[in-house]
1. Let me have the relative contact order for the stretch 6-151, percent, based on Cα pairs under 8 Å that are six or more residues apart.
2. Along the Cα→Cβ direction, 7 angstrom out, place labels at Phe83 and Asp148. What is the inter-label distance in nm?
3. Students often check this: by mean Cβ neighbours within 10 Å, which of 80-93, 141-154, 29-42 ranks highest, and how do the rest follow?
4. Taking the DSSP beta bridges in the stretch 42-156 as the whole, what percent of them are antiparallel, to the nearest 5?
5. Along the stretch 28-33, what does the Karplus equation 6.51 cos²θ - 1.76 cosθ + 1.60 (θ = phi - 60°) give for ³J(HN,Hα), rounded to whole Hz, x for Gly and Pro?
6. Going by amide H atoms built from the backbone, whose H comes under 5 Å of the H on Val122, apart from near neighbours?
7. Carbon-plus-sulfur fraction of the accessible area of the chain, 1.4 Å probe, in percent?
8. I want to check a number: in the chain, how many lysine pairs have alpha carbons closer than 20 Å, given a sequence separation of 8 or more or different chains?
Amino acid sequence: MLAAGKSAPDVSLEDLAGGRWSLADALKKGPVLLAFFKISCPTCQLTFPFLQRLADGAGKGAPQLVAVSQDDAAGTAQFHKRFNLSMRTAIDKPRTYPASNAYGISHVPSLFLIEPDGRISVAVEGFSKAHLEKLGERFGAAPFHGDDRVPVMQPG
């Protein structure tokens, strides 16, 4: 998996709405948090509602949150419905996984915060409460509420 400090590979993928999304275009608008996932992954199912809270509460200058699904569009749409997600989601072509391979992903969820200069400033694999709280500072939103019962860490 690519580490913080490395250059983020540019990827261009079809999104869930049938449009095209590219990292290069997105970075022109500011930082991007890429969140790779698989719909059958229990750790992804734990993580993504908290990522949605970051997106929902994002303040001015917050990173753009873009999920990258390793599943087909139909399954990914069901995942969105099940977990009440509205974040932009790109589809990493199942079987060939061009984006996942470019980022060296072997486990999901995998998160990459990419700065406008194309440098990865944060790279996280699995669920990490501390990393999500730190990302919450960047978004200007709290990922967790007082009554949330979440583990400190959970591998992907």
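The values are calculated or read from the model by the stated rules, or taken from the named source; none is laboratory data. Note that the structure is predicted; figures quoted are calculated from it, not measured. A quick note on method: Cβ atoms are made from the backbone with ideal geometry, for glycine too, and the neighbour counts reach across all protein chains shown. To get the accessible areas, we keep the full protein, side chains included, count just its heavy atoms, and leave off ligands, DNA and RNA. Shrake-Rupley method; radii C 1.70, N 1.55, O 1.52, S 1.80 Å.
1. Worked out over the stretch 6-151, it gives 32 percent.
2. So the label points at Phe83 and Asp148 sit 1.2 nm apart.
3. 29-42, 80-93, 141-154
4. Counting DSSP beta bridges with both partners in the stretch 42-156, the antiparallel share is about 65 percent.
5. 5, 9, x, x, 10, 9
6. Correct list: Leu113.
7. Carbon and sulfur atoms account for 51 percent of the accessible area of the chain.
8. Details: Lys6/Lys28; Lys6/Lys134; Lys28/Lys60; Lys29/Lys60; Lys38/Lys81; Lys38/Lys93; Lys38/Lys129; Lys60/Lys134.
For the chain, the number of qualifying lysine pairs is 8.
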